[in-house]
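To start, the structure under review is shown below, and the notes come after it.
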Amino acid sequence: MDNTVLKTTTTPEEEPKHRELTAQFPSTPRGARLARRGAVRHVAEWGYPPASDTSCTVALLVAELASNAVRHGRVPGRDFRLRLTLQAETETIRVEVSDTRDERLPLRPTTTSPDDETGRGLLLVDLLATRWGTTPRVPVGKTVWAECAPEEVRHHGA
C-alpha cells in the first residue's frame with residue numbers, strides 16, 4: 001500500500017506570489033522516483049514544461065537529494081519529505097528534502113577522480129543550484145535544500 005501524501009497550496013490571487021508542493025514519500029528508491037516525477041508534474045503546472053531546462057534542473061536536484069535521503073538519511077519506518085516552492089517575484093524554485101537523521105550532514109563536494117564510483121551527486125547539486133545547504137529539522141533530522149533561478153521565460157497555461 002502506498003502511503004504517499006501530496007499537498008499543493010497557492011494563495012487565492014490571480015497570479016500567486018508563492019506556490020508550494022509538500023509531499024511525503026517512503027524512504028525507498030521507488031519513493032525517490034515518485035518524488036522526482038511529482039516535482040516535474042508540479043513544475044509543469046507552474047509554467048515550466050518537462051523538457052525545459054528549469055524542469056530538468058529541478059528533476060535532477062530532486063533526484064539527487066531524494067536519493068541521498070534514501071541512501072544516507074534513512075531510518076527504518078520513517079519517510080522523507082519533499083517541499084518545492086516557487087517565489088513568483090524572483091522565479092526562484094527551492095527544493096527541500098528532509099529526513100530523520102541529523103548526524104549525517106552532507107559535505108561540500110570535493111573533486112572526484114575518474115575511478116570513483118560514488119561522490120558525484122553533491123558535485124552535481126553544487127553545479128546546478130544557485131545555492132544550497134542544510135538546516136536542522138525540528139524535532140529531529142535535517143533538511144537539505146537547493147535553489148535554482150530559471151533562465152527561460154515561463155510558459156503560462158502549460
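Calculate, in nm to one decimal, what T135 and R37 gain on full extension: separation in residues at 0.36 nm each, minus their alpha carbon distance.
Details: separation 98, 0.36 × 98 = 35.28 nm, distance 2.46 nm.
Length gained between T135 and R37: 32.8 nm.
Ranking request for peptides 26-35, 56-65, 83-92, 134-143: highest mean number of other beta-carbon atoms within 10 Å first, then the rest in descending order. Please report the intermediate quantities before stating the final value.
Values: 26-35: 18.8, 56-65: 22.7, 83-92: 16.2, 134-143: 13.7.
My ranking of the peptides, most packed first, is 56-65, 26-35, 83-92, 134-143.
FYI, it's all coordinate maths here, none of it is from the lab. Fair warning: this is a prediction, and the values are worked out from it, not measured in the lab. Virtual Cβ from ideal backbone geometry, glycine too; neighbours counted across all protein chains shown.
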